[in-house]
Amino acid sequence: MALILSIESSAANFSVAIHQDGVCLGTEKNFIQRAAAAELAPAIQQLCSTLAIKMNQLSAVAVSEGPGSYTGLRIGSSTAKGICMALDIPLIAVNTLRAMVWPLRNDQRYRYYCPVLDARRDEVYCMVFKNHFEELAATAAVVVNQNSFGDLLDEGQVLFFGSGAEKCVRITGHPNACADVAAVPEAEFVGELAWNYFNAARFVPVAGFEPLYLKEFLVGTKPKA
């Protein structure tokens, strides 16, 4: 029996979940923006208490590795690394955007699926998938303009989902651009992917792990879309 604690703190809100052999036993979610610094550890304790699970029963900790909020990712990774070090258990890193598209892996309503997180101004973090979880474009920081995603949009409907979805639809102005602004990163789906990684022993070094900040994009010159 493997128990995996998952932490998602890449966005304004955060969530934690515990899975047993890939099945979600429960989650704790916080909808207060920027509360992770003060509330993440208590939320983990509350979830363990609710499920009658002791921390030393955990087999691994999974963390949403980014991209996303610099502060949120730092808090989540520090918390995950601290637990792993204290319990001497492995750390699993799950791409935030990949976890966002996971619940839509069998959806076939759209030609392409693009999880997008708002960065700043006209910028987003994004990936592109076809249905059945086929990755077409890796994690990237993009400045959205009228020509962005043009080749994909000309082929058929593209679902942009996440905090950057409205921006992508509005700026591209393409009739095939669809938006789901309600979609947010969830620890539940981080945990589902983490179970696959756990079985494949796909772990990351605890001491040396750093989130996917895409920091050079935030502090450098605007890249071309």
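Remarks
- When residues in the range 139-171 are screened for being more than 28 Å from Val94 (Cβ to Cβ) and among the basic types (Lys, Arg), 1 of them pass.
- Against the list (1) buried (at least 21 other Cβ atoms within 10 Å of the Cβ); (2) among the aliphatic types (A, V, I, L, M); (3) over 16 Å from Ala138 (Cβ atoms), the condition Val101 fails is (3).
- Of residues in the range 59-87 being in a helix (DSSP H, G or I) and more than 18 Å from the chain's Cα centre (by Cα), the one surrounded by the most Cβ atoms within 10 Å (Cβ to Cβ): Cys84
- Checked against the criterion of being modelled with pLDDT under 95 and among the basic types (Lys, Arg), the candidates Arg170, Arg121 yield just one match: Arg121.
- The range 179-225, residues that are at pLDDT 95 or above, over 30 Å from Ser59 (Cβ atoms) and surrounded by fewer than 19 Cβ atoms within 10 Å (Cβ to Cβ): Asp180
- Test: Leu152 is in contact with a helix residue (DSSP H, G or I) (Cβ under 9 Å, 6 or more places away or on another chain), open to solvent by less than 70 Å² (accessible area, probe 1.4 Å) and in contact (Cβ under 8 Å) with a residue 40 or more places away in the chain: no
The values are calculated or read from the model by the stated rules, or taken from the named source; none is laboratory data. Source: prediction; values computed, not measured. Neighbour counts run over all protein chains shown; Cβ positions are idealised from the backbone, glycine included. These accessible areas exclude ligands, DNA and RNA; they are computed on the full protein's heavy atoms, side chains included. Shrake-Rupley method; radii C 1.70, N 1.55, O 1.52, S 1.80 Å.
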